[in-house]
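For reference, the structure is listed below as structure tokens.
The values are calculated or read from the model by the stated rules, or taken from the named source; none is laboratory data. Keep in mind that this is a model prediction, so the values were computed, not measured. Cβ placement follows ideal geometry from the backbone for every residue including glycine, while neighbour counts extend to all protein chains displayed.
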């Protein structure tokens, strides 16, 4: 992975730039000690690291605007950062950039149960949004695996999803409004407590723009009434194909579970070893969750198990208690960590049409043999969002590069079967160069033209999303 | 002009030198019209339908009725319940799926299943330079690059001419029940808020003529349970309600006057209606749990000044259809339009 060469002029002006940042922000909000900025040199794509020029931690929208305006005037690139949980390198700095962290923006500004929204500062963590409303019977639906740590700002930047988006949608479907600061330091408000825009849907454009169009400091989020209850069923099969066919039949029958999760044998084994969740040793495991009252749950699970039984499952376990439900989810939720116990791994995020599941899994197996690297598959089966985990050894020279090449081939396969490079993690630096596989020149040009509108000097998170060769002329 | 392929459309736009009026079925006439007619009816047909993947891909000029018939046959549907404005606007013609997307047409189920823009997962379009652009795709989770899918939804043909649209579908419900509460407008917002705060997954919340209507949909046993529970919670009764008439605002069809569609914070609904009556509003129909007002008013009434937050669009009548935007937003919108259609060819006056 390449990053553009840092601007030598900016590096030479570091002292002057930091002094200016200290003029517009309180002293404690500007970090330039190389020892302290170390914490910001990477995000969760930790294979890549780079110390930033400095780090700023504004505590308000006004401070955010002041620091962006100063950087804009000085021509210094800015890399926005939520909680640094990006798996795509969305918050990876360059040497000549200032990291703008929203970690101090954590307040709940307004909670409105009559109109079912909450307005928060964007550095607040995903789970603590639900935490602020759950005693009143509400929740915030998007639930990325990192929800304990990840910030709403990052969720908006990457349009984060989660396990339950089959029913509730992803961030963009649950976002009502934002307060945002442009690179030039202008504060703008988009959307609000009412639904839909009268003019262009700028909110939809901002969501998922990977921090390249503006820095979101406040967000108005839709909150929903909690269902009466939820219960998962665990179904084991002796082939991936049959598990895939079972998912298709369930959807075809008109049942809409809130989540359909899929794990293959390597992941099942690792998760079982790590959590002792009681998973059977099978080729493919589905966890299907439904919601509602006791009677509604029984009605839905009745239909689901009836369909599953037609596919001769080797295991079918309907949760009978809250404890059993937690156990069923325990292994799935710990799957990434469990794989990490075994090996270094790279987590991919391609999405495929669900009808192409067996074909794609066969292709991944073939690539695994070709490259000599093992793969485990965790998969949001209802919506086609795959998470192949490629195992490699970071201490072995050349293994990371091999793993990246194999990852690229898997993602190209996802595109070939009609899917896309990333379902919920974002492009960042990780998949930047692969964008040519999914988009033509004009497709990329019109997207970059949008960045030209919001950030004409290309100072905000510039070396992300677009292939470096495609964006080069604009970044100069 | 009626192109029969995307490539032909691209050439037509590339060689155009005067404004074009983009027309799907011509059944959603909102805003001002200028230019030679460009019809999308030649770009018709369902390209892909995978019921087991809840996915549909159709050319933009495909009649909506053709899509809905195919989905009904498979017990599926477009989640967002697109409205049909023909009776209301007095238009004739065949509504197309492209027109639905271009106007982000979303009915009562908006509050539960989202708007058209939320179900739309991919677009292909021709921009003002004649370039063929794709964005999104046919999968329901996709964050690859900027989301132009949302931007194109509701852009009224001003950023590009849609050629193909893809949707996430939902199973059609086995059963539907509506709980009716007889009450005055003033208390309806609170009733609807109470219903929406319940765990009963309400998929429609409307009020007009002294009746508040709350809809639940799903499996039979579940609907029976939730209908009863909701009726008991709100002090109402399960009864008949015409959600198609509600969706299409049939009550205002054929009646004299302007029709406005106003989106506000739901709890502001009744107060907004009161303010609008002072400005001459004759009748108000609430949808979206009070957050959407359909208003009938004498021609030319300056209704927009009664809307303090949210926005008002003139759906039927002469005048500025779209609300003026705050300066910063207007500047961004104009700059975006300049990028997508630098020569100002596509529906140039449509959105004001």
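Within 14 Å of another protein chain (Cβ to nearest Cβ) and touching a strand residue (DSSP E or B) at 6+ places or on another chain (Cβ under 8 Å) - does that describe any residue in segment A:359-366? Yes, because at least one residue in segment A:359-366 is within 14 Å of another protein chain (Cβ to nearest Cβ) and touching a strand residue (DSSP E or B) at 6+ places or on another chain (Cβ under 8 Å).
Looking at segment A:72-175, the strands (runs of 3 or more DSSP E) lying wholly inside it that each contain 1 or more residues that are more than 30 Å from residue B:190 (Cα to Cα) sit at A:78-81, A:98-101. Among the residues making up segment B:268-288, a single one is more than 13 Å from chain A (Cβ to nearest Cβ) and at positive phi: B:280. Quick check: anything in segment A:76-86 within 14 Å of chain B (Cβ to nearest Cβ), out of contact with any strand residue (DSSP E or B) (no Cβ under 6 Å at 6 or more places or on another chain) and under 24 Å from residue A:329 (Cα atoms)? Scanning segment A:76-86 turns up at least one residue that is within 14 Å of chain B (Cβ to nearest Cβ), out of contact with any strand residue (DSSP E or B) (no Cβ under 6 Å at 6 or more places or on another chain) and under 24 Å from residue A:329 (Cα atoms).
Check segment A:112-123 and report whether any residue there is touching a helix residue (DSSP H, G or I) at 6+ places or on another chain (Cβ under 7 Å), within 27 Å of residue B:201 (Cα to Cα) and surrounded by fewer than 20 Cβ atoms within 10 Å (Cβ to Cβ). Scanning segment A:112-123, I find at least one residue that is touching a helix residue (DSSP H, G or I) at 6+ places or on another chain (Cβ under 7 Å), within 27 Å of residue B:201 (Cα to Cα) and surrounded by fewer than 20 Cβ atoms within 10 Å (Cβ to Cβ), so the answer is yes.
Results for (1) more than 25 Å from residue B:139 (Cα to Cα); (2) in contact with a helix residue (DSSP H, G or I) (Cβ under 7 Å, 6 or more places away or on another chain); (3) not assigned by TED's automatic domain parsing to the domain that holds residue A:252, shown as yes or no for each residue.
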{"position": "A:284", "(1), (2), (3)": "no, yes, no"}
{"position": "A:289", "(1), (2), (3)": "no, no, no"}
{"position": "A:298", "(1), (2), (3)": "yes, no, no"}
{"position": "A:303", "(1), (2), (3)": "yes, no, no"}
{"position": "A:306", "(1), (2), (3)": "yes, no, no"}
{"position": "A:365", "(1), (2), (3)": "no, no, yes"}
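Does at least one position in segment A:286-297 carry a residue that is at pLDDT 90 or above, more than 14 Å from every other protein chain (Cβ to nearest Cβ) and farther than 30 Å from residue B:216 by Cα? No, segment A:286-297 contains no residue that is at pLDDT 90 or above, more than 14 Å from every other protein chain (Cβ to nearest Cβ) and farther than 30 Å from residue B:216 by Cα. Of the residues making up segment A:178-210, those that are more than 7 Å from chain B (Cβ to nearest Cβ), at positive phi and out of contact with any strand residue (DSSP E or B) (no Cβ under 8 Å at 6 or more places or on another chain) number 2.
Condition check for residue A:381 on (1) surrounded by 22 or more Cβ atoms within 10 Å (Cβ to Cβ); (2) under 30 Å from residue A:68 (Cα atoms); (3) touching a helix residue (DSSP H, G or I) at 6+ places or on another chain (Cβ under 6 Å): one failure, at (2).
Collect the residues in segment B:305-352 that are in a helix (DSSP H, G or I) and in contact (Cβ under 8 Å) with a residue 24 or more places away in the chain, keeping them in residue-number order.
Those that are in a helix (DSSP H, G or I) and in contact (Cβ under 8 Å) with a residue 24 or more places away in the chain: B:305, B:306, B:336, B:337, B:340.
Among the criteria (1) modelled with pLDDT of 95 or more; (2) touching a helix residue (DSSP H, G or I) at 6+ places or on another chain (Cβ under 8 Å); (3) more than 9 Å from chain B (Cβ to nearest Cβ), the one residue A:236 does not fulfil is (2).
Cβ separations smaller than 6 Å between residues 6+ apart or across chains give the following pairs from segment B:26-53 residues that are within 14 Å of chain A (Cβ to nearest Cβ) and within 23 Å of residue B:77 (Cα to Cα) to residues that are at pLDDT below 95 and part of a loop (DSSP other than H, G, I, E, B): B:53/A:353. Among the strands (runs of 3 or more DSSP E) confined to segment A:198-281, the ones with at least 1 residues that are in contact (Cβ under 8 Å) with a residue 12 or more places away in the chain, crowded, with 20+ Cβ neighbours inside 10 Å and more than 24 Å from the chain's Cα centre (by Cα) are located at A:230-237. Please work out which one of (1) assigned to a helix (DSSP H, G or I); (2) away from chain A (no Cβ under 14 Å); (3) closer than 24 Å to residue A:117 by Cβ is the condition residue B:247 fails and give its number. For residue B:247, the exception is condition (3). Note on segment B:128-238: enclosed helices (runs of 4 or more DSSP H) holding 1 or more residues that are within 11 Å of chain A (Cβ to nearest Cβ) and within 22 Å of residue B:340 (Cβ to Cβ) are B:148-152.
Taking (1) surrounded by fewer than 20 Cβ atoms within 10 Å (Cβ to Cβ); (2) over 23 Å from residue B:108 (Cα atoms); (3) within 23 Å of the chain's Cα centre (by Cα) in turn, residue B:304 satisfies each apart from (2).
Scanning for something modelled with pLDDT of 95 or more, within 14 Å of another protein chain (Cβ to nearest Cβ), closer than 18 Å to residue A:195 by Cα and part of a loop (DSSP other than H, G, I, E, B), does segment B:255-267 turn up at least one residue? Yes, segment B:255-267 contains a residue that is modelled with pLDDT of 95 or more, within 14 Å of another protein chain (Cβ to nearest Cβ), closer than 18 Å to residue A:195 by Cα and part of a loop (DSSP other than H, G, I, E, B).
When B:231, B:289, B:298 are checked against the criterion of being in contact with a helix residue (DSSP H, G or I) (Cβ under 7 Å, 6 or more places away or on another chain) and touching a residue at least 24 places away in the same chain (Cβ under 8 Å), a single residue qualifies: B:289. Every listed requirement among (1) more than 10 Å from chain B (Cβ to nearest Cβ); (2) under 15 Å from the mean Cα position of the chain (by Cα) is met by residue A:172 save one, (1). For segment B:140-162, residues that are in contact (Cβ under 8 Å) with a residue 40 or more places away in the chain and touching a strand residue (DSSP E or B) at 6+ places or on another chain (Cβ under 8 Å) total 9. Just to be sure I understand, how many residues within segment A:47-71 are part of a helix (DSSP H, G or I) and closer than 25 Å to residue A:344 by Cα? Looking only at that region, the number is 0.
Do we find that residue B:237 is in contact with a helix residue (DSSP H, G or I) (Cβ under 8 Å, 6 or more places away or on another chain) and assigned by TED's automatic domain parsing to the domain that holds residue B:51 in this structure? The answer is no for residue B:237.
Selection of segment B:2-17 for residues being over 18 Å from residue B:58 (Cβ atoms) and buried (at least 17 other Cβ atoms within 10 Å of the Cβ) yields B:10, B:12, B:13, B:16.
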